[in-house]
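The values are calculated or read from the model by the stated rules, or taken from the named source; none is laboratory data. As the structure is a prediction and not an experimental result, all values here were calculated from the model. Cβ coordinates were reconstructed from backbone atoms using ideal geometry, including for glycine residues, and neighbour counts include every protein chain displayed. Calculation scope for accessible area: heavy atoms of the full protein, side chains included, ligands and nucleic acids excluded. Shrake-Rupley method; radii C 1.70, N 1.55, O 1.52, S 1.80 Å.
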Amino acid sequence: RPMSESERERGCLNILSVTGERRVVLKHPETEGRRKRPDVGFTYDVCFGPERSQADIFADSKRLIQIAVDGYNVCVFAYGQTGS
């Protein structure tokens, strides 16, 4: 999700990046006096970056609704701002 205005004002860091259409990377920030931990990557069937619109996401995932109605198991892992 895009950072909120208050997060930007507080100087928060974006530590997640979507690399390609299937991979998310968690970038550990360097902390003063500590050694930087290695980045960690996760691979999913599909990943959407913060630049994608709700219409883009719906267009790509609406087929999952029909799959669920047809009786198959479907799982959607979603992360975003409260109320989105």
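Assorted remarks:
- Of all residues in segment 20-37, those satisfying the criterion of being over 14 Å from residue 79 (Cβ atoms) and either open to solvent by 100 Å² or more (accessible area, probe 1.4 Å) or within 10 Å of the chain's Cα centre (by Cα) (or both) are 21, 22, 23, 25, 30, 32, 34, 35, 37.
- Counting only residues that are open to solvent by 80 Å² or more (accessible area, probe 1.4 Å) and not hydroxyl-bearing (Ser, Thr, Tyr), segment 40-80 holds 17 of them.
- The one condition in (1) farther than 14 Å from residue 79 by Cα; (2) assigned to a strand (DSSP E or B); (3) of a type outside the set (Asp, Glu) that residue 17 fails to fulfil: (1)
- Of everything listed in (1) of a type in the set (Asp, Glu); (2) in a loop (DSSP other than H, G, I, E, B); (3) out of contact with any Cys (no Cβ under 8 Å at 6 or more places or on another chain), the single unmet condition for residue 7 is (2).
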